[in-house]
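Values in this text are rule-based calculations from the coordinates and carry no lab data. On a predicted model such as this, the values are computed, not experimentally measured, just so you know. Cβ atoms come from the backbone with ideal geometry, glycine included; neighbour counts cover every protein chain shown.
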Amino acid sequence: MKNYSKEHLRFLQKQHFNVFFTHFCRIFLLFCIFLIWEIVANTGIVDPFITSSPSRIFKEIARIAKDGNLVYHSWVTLKETLIAFFISSLAGFVIAIVLYIIPPVRKIIEPYLIVLNSLPKVALGPLIIVWVGAGSKAIITMGVLICIVVTTISILNGFVNTNVEQIKLMKTFGAKPAQILFRLILPSNFANIISVLKINVGLAWVGVIMGEYLNSSAGLGYLIVYGGQVFNLNLVMAGVVILCLLASIMYFIIAGIETIVAKKTGSNN
């Protein structure tokens, strides 16, 4: 067991308290939002038919869970999102590396990436269905298209903005391009890559739900569209709450990986 000074122990206690206080405030804020929402809906300040309410949402979630639809539709959307997330993250990472190590290609391709990023992907929905077919393929393709360009541009910008002096220093000592990439460029961009993955969590969900809006017979997006068509806003809000929960779990998994790697890196240093 390590021997810490009193000052170090006080510092650690303060850090732990700050982390606890932050998590407590987050949970308390969410609780207050749901409480106020429930009160204004039950007192008639707002029409619960339009806004629903937490109690109605939880009852609706319990109903579709009892019918077996909750697990089925959640799994369909989660599977599509995970596939889109991993494909776009890996492909964007590889493309960014290729563009970085081949500057002439980067200068040619970069304007096209900017244009593709500004293009509303939902406009490509009918074309995607024709190209890859209806169903999960079209939905996953929509998710990949929304994520991959952002991934490529963000990671590539991090690579390009790596400390030039450090690169020159490694070249002076005879480091090869592969050594510079794996020993300097990638480690120094770890935080940026994690940030991109966090952003991709949200974008992957957005892309998949957009795809399910356009073409699906199952999934949370399908439930939300169906609920809107039959004016069952409790079902719509239930689908939104489940989406938020699943997206939060994915985000915290990425954040947990970031914390674990940072601790191991710190301990090695």
Open item on the list: Going by Cα centres, the stretch 198-249 and the stretch 83-102 are how many Å apart?
Closed with: 26
Task: Size of electric dipole in the chain: Cβ of Lys, Arg +1 and of Asp, Glu -1, about Cα centre, debye, nearest 20 - done: 1020
Task: Simple label model, 7 Å out from Cα along Cβ direction - Ala134 to Ala65, nm - done: 3.3
TODO: Multiply the residue gap between Phe21 and Ala91 by 0.36 nm, knock off their C-alpha separation, and tell me the result in nm, one decimal place.
DONE: 21.3 nm
- [ ] Counting only chymotrypsin sites (Phe, Trp or Tyr not before Pro) that are in a DSSP loop and have at most 11 other C-beta atoms within 10 Å, tell me the longest site-free stretch of the chain.
- [x] 5-172
- [ ] Please work out the ratio of the alpha-carbon Rg of the stretch 3-81 to 2.2 N^0.38 Å and round it to two decimals.
- [x] 1.80
Open item on the list: Pick from Cys147, Cys25, Cys244 the residue whose mean-square fluctuation is largest in a GNM of the chain, springs joining Cα atoms under 10 Å.
Closed with: Cys25
Open item on the list: Using a 10 Å cut-off around each Cβ, can you sort Lys6, Lys198 from fewest to most neighbouring Cβ atoms?
Closed with: Lys6, Lys198
TODO: Show that you can apply the helix-only estimate: for the chain, add -39,500 (n - 2.57) for every DSSP H stretch of four or more residues, divide by all residues, and state [θ] at 222 nm to the nearest 500.
DONE: -28000 deg cm²/dmol
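Contour minus end-to-end for Lys198 and Leu245, with contour as 0.36 nm per residue of separation and end-to-end as the Cα-Cα distance?
15.4 nm
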TODO: State the three equivalent ellipsoid semi-axes of the chain, derived from the C-alpha gyration tensor as the square roots of 5 times its eigenvalues, in descending order and whole Å.
DONE: 40, 30, 14
Task: Neighbourhood charge, 14 Å Cβ-Cβ cut-off, centred on Ser216 and excluding it, Lys, Arg +1 and Asp, Glu -1 - done: 0
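Under the 0.36 nm per residue contour assumption, what length would be gained going from the current alpha-carbon distance of Lys79 and Lys14 to full extension? Write down the numbers at each step before the final one.
Values: separation 65, 0.36 × 65 = 23.40 nm, distance 4.04 nm.
That pair, Lys79 and Lys14, stretches by 19.4 nm at full extension.
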Open item on the list: To check my understanding: the extent here is largest minus smallest coordinate of the Cα atoms along each principal axis. What are those three numbers for the stretch 1-46, in Å, largest first?
Closed with: 60, 17, 8
TODO: Of the options Val236, Ala134, Val149, report the single residue whose Cα projects farthest towards the positive end of the charge dipole of the stretch 120-269 (beta-carbon charges: Lys, Arg +1; Asp, Glu -1).
DONE: Val149
